[in-house]
1. When residue 96 is evaluated against the numbered criteria (1) over 22 Å from residue 180 (Cα atoms); (2) outside any helix (DSSP H, G or I); (3) over 16 Å from the mean Cα position of the chain (by Cα), which criterion, by number, is the only one it fails?
2. I'd like the residue in segment 99-148 that is within 14 Å of the chain's Cα centre (by Cα) and part of a helix (DSSP H, G or I) and, out of all such residues, is nearest to residue 57 (Cα to Cα).
3. Going by what's in this entry, would residue 26 be described as in the same structural domain as residue 142 (by TED's automatic domain parsing), exposed (fewer than 13 other Cβ atoms within 10 Å of the Cβ), within 30 Å of residue 161 (Cα to Cα) and at pLDDT below 90?
4. Inside segment 224-301, counting only strands (runs of 3 or more DSSP E) that do not spill past its ends, which hold 1 or more residues that are free of Cβ contacts under 8 Å to residues at least 40 places away in the same chain and farther than 15 Å from residue 157 by Cβ?
5. Please work out which one of (1) buried (at least 18 other Cβ atoms within 10 Å of the Cβ); (2) at pLDDT 95 or above is the condition residue 154 fails and give its number.
6. All but one of (1) under 16 Å from residue 65 (Cβ atoms); (2) at pLDDT 90 or above hold for residue 113; state the number of the condition that does not hold.
7. Could you please find all residues in segment 36-93 being at pLDDT below 85, surrounded by fewer than 12 Cβ atoms within 10 Å (Cβ to Cβ) and part of a helix (DSSP H, G or I)?
8. From the list 237, 214, exactly one residue is modelled with pLDDT under 50 and more than 25 Å from the chain's Cα centre (by Cα). Which is it?
């Protein structure tokens, strides 16, 4: 079945979407009707590059967009905590074709968007057992458009660390992020990450003079960077040292490579601070890692921070 809507100067075609996972036929029809109505209204009334805030498709919390529960209730694989905590698991199950991404944008009524404005996101992240079904995908508005991890990504890493350390049940984490990830962020991290400019201390910005490591003591929401790698080459070992205001704090380090993929190197991920609050990660930069800027995301109970890392 097709519905044709004239939108000058071209036609927009919608077809009844094919669902996967546990989404039944009734939900499939509701998604189709709802998405069609939103698209029609958006075509008539959109006045900017994005229809967020004008179509009413998104819920909001603290001014942040949330998934529409009718369109994206969340869906998971039948996996255990032991499985999702295995190194490389998320990469092994990721499978979202471009056609599915386009369908997500259509259903949320987003007909115009700028590069980097949105990303099709797994509502329940793969690292928390989420699957690739359309019912688990939504257009996430990028709140860190300059390449750093989004706030929701930081929450995902935090929940993953809590699950894998046995402090939080997998089902509890899945439910929290699916129902209201903003409330979950405030519950498990306390505050929003600092703005991009504030999250990168001046001493950590690469200059024309190669610097391998710098020593800084700039506090960041209960976290201090003691030493951080600035520039490394493939095949070298990078080491990050931070201090938490909480002794025996549970922390996690996630590294997004210049290619956009998440590093699976040993030494990353969840760890526990010592009695003085000191945390150290050391990991190998793969010999095939491409040049560019990688991004380090630290998530602890006392707070979180983002740092750049130049791979030359």
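1. With (1) over 22 Å from residue 180 (Cα atoms); (2) outside any helix (DSSP H, G or I); (3) over 16 Å from the mean Cα position of the chain (by Cα) applied to residue 96, the lone miss is (3).
2. Filtering segment 99-148 for residues that are within 14 Å of the chain's Cα centre (by Cα) and part of a helix (DSSP H, G or I), the one nearest to residue 57 (Cα to Cα) comes out as 136.
3. The answer is no for residue 26.
4. Answer list for segment 224-301: 237-244, 292-300.
5. It fails just one condition, (2).
6. (2)
7. Correct list: 44, 45.
8. Going through 237, 214 in turn, the sole match is 214.
The values are calculated or read from the model by the stated rules, or taken from the named source; none is laboratory data. These figures come from a predicted structure and were not determined experimentally. For neighbour counting, all protein chains shown are included, and Cβ atoms are generated from backbone atoms with ideal geometry for every residue, glycine included.
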